[in-house]
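Reading through the structure tokens given below for one structure.
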Amino acid sequence: MTGPQAEAVIDLDAFRANIAALAACAPASALMAVVKADAYGHGMLPMARAARDAGAEWLGVATIDEALALRPGGDTGSVLCWLASPGADFASPIDAGIEVTASSSEQLSEILAAPASARPKVQLKVDTGLSRNGAHGDQWPSLVDGAAAAQSSGAAEITGVWSHFACADEPDHPANDEQERVFRAAVAELARAGVEPAVRHLSNSAATLTRPTAHFDLVRIGIAAYGINPDPRLVHQADLTPVLTLRARLAAVKRVPAGASVSYGHTWTATSDTTLGLVPMGYAEGIARTASNRAEVAHAGRRAPVRGAICMDQLVVDLGDADARRGDLVTLFGPGTDGEPTAEDWAAAAGTIAYEVVTRLGGRIERSYRGES
Ligand SMILES: Cc1ncc(COP(=O)(O)O)c(C=O)c1O
């Protein structure tokens, strides 16, 4: 047997090609590659490097710690982070040249009070209807006033204004028009206060693929860069290839008779003699237990169903009468081009979204990269 027991193989050529395809969807806008959450489970630093190689002018992450981790990794370009709790250390990102987000007047005050040696570059987040982070309703005029004052006094440079869609993966949802309208009004209000930041941005992957009116100066691309459709029902023209292939070597193979029941709780029983394969990955690796008895893997070019409950470290697949050996490769998901399931198939089997399928991967999975330049 060669190679790791459980492995995520990440195709950087596919990732760069996806970014190029997405950039072509928004030709007048700059592109931010979203590499938060360890690049959606793909590994932040290699994906960040590949995104820059593919022309991403910006990288986007949620937390300050994620942003700071990019710098020792060698990244010197534009980075935005957007999620910080009270007491956050804003001085470190400011001194590292990382742009921070103010989602409220209070947060702007915390940023301005940070003991940084550089002048903060601040982007303002307006809540246009997601009701998550960002200044909402009456909070926006006071954030605008604070930002205008900080800019005119030289306390901060206001570099961006942005918001986030709630329903972009449903292009006909009325919330999209409304959020875009509210965003335009918020940008106009900011301009009336004398602040016209360099970048205005609203679009995630789905809006980049389907909503050109929302592209503005910059589009923030996450899931689509990893080759996954934001929603299986979303129709778009971009040619995207899934970047991550999850595979493992069978740790055991055994023939069992009809009547043999499999795994905890005996939730599946063989109706005829069959060959079972043991895949050394389980929910500790982020494999959803809700996919028990529902998902499939590929073995030797054929699909093999998961049988019984997915365990912490292992799961069992039904290889039928296939000629199978210990050490054989099985693919849980990949691009789908060789008949293997995709992350979207696993999402459907697990009752979740493909975002969660890839982002949860961890535990003992070893990552390897193809196409490193
Ligand atoms: C603020 C922000 N922008 C952009 C994205 C990228 O979204 P998607 O992965 O749908 O492209 C995310 C991810 O959730 C986000 O939180």
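The values are calculated or read from the model by the stated rules, or taken from the named source; none is laboratory data. Only a predicted model underlies this, so the values are computations on that prediction, with no experimental measurement involved. Cβ placement follows ideal geometry from the backbone for every residue including glycine, while neighbour counts extend to all protein chains displayed. All accessible areas refer to the heavy atoms of the entire protein, side chains included, with ligands and DNA or RNA removed. Shrake-Rupley method; radii C 1.70, N 1.55, O 1.52, S 1.80 Å.
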List the residue pairs whose Cβ atoms are under 7 Å apart, where the first residue sits in region 24-37 and is closer than 11 Å to PRO212 by Cα, the second is within 11 Å of the ligand (Cβ to nearest atom) and among the aliphatic types (A, V, I, L, M), and the two are 6 or more positions apart or on different chains. CYS25/LEU209; ALA26/VAL219; SER29/LEU218; SER29/VAL219
Tell me which residues, restricted to region 183-213, are under 18 Å from ILE19 (Cα atoms) and assigned to a helix (DSSP H, G or I). SER205, ALA206, ALA207, THR208, LEU209, THR210, PRO212
Looking at (1) within 16 Å of the ligand (Cβ to nearest atom); (2) surrounded by fewer than 17 Cβ atoms within 10 Å (Cβ to Cβ), which is the only condition ARG326 fails? (1)
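Check region 168-182 and report whether any residue there is among the β-branched types (Val, Ile, Thr), within 24 Å of ASP145 (Cβ to Cβ) and open to solvent by 30 Å² or more (accessible area, probe 1.4 Å). Before the answer, list the steps.
Kept after step one, since they are among the β-branched types (Val, Ile, Thr), are these residues of region 168-182: 182.
With within 24 Å of ASP145 (Cβ to Cβ) added as a condition, the list becomes 182.
Retained after the next criterion (residues that are open to solvent by 30 Å² or more (accessible area, probe 1.4 Å)): 182.
Yes, the conditions are met somewhere in region 168-182.
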Filtering region 204-234 down to residues that are polar (S, T, N, Q), within 8 Å of the ligand (Cβ to nearest atom) and under 14 Å from the mean Cα position of the chain (by Cα) yields ASN204, SER205
Note: among ALA168, ALA147, just one is in a loop (DSSP other than H, G, I, E, B) and assigned by TED's automatic domain parsing to the domain that holds LYS125, namely ALA168
Exactly one of (1) in a loop (DSSP other than H, G, I, E, B); (2) within 16 Å of the ligand (Cβ to nearest atom) is unmet by GLN237. Its number? (2)
Residues (in contact with a strand residue (DSSP E or B) (Cβ under 6 Å, 6 or more places away or on another chain) and either of a type outside the set (A, V, I, L, M) or more than 12 Å from GLY222 (Cα to Cα) (or both)) located in region 27-47: SER29, ALA30, LYS36, HIS42, GLY43, PRO46
Say whether the condition of being in a loop (DSSP other than H, G, I, E, B), over 16 Å from LEU244 (Cα atoms), open to solvent by 10 Å² or more (accessible area, probe 1.4 Å) and touching a helix residue (DSSP H, G or I) at 6+ places or on another chain (Cβ under 6 Å) is met by at least one residue in region 342-361. yes
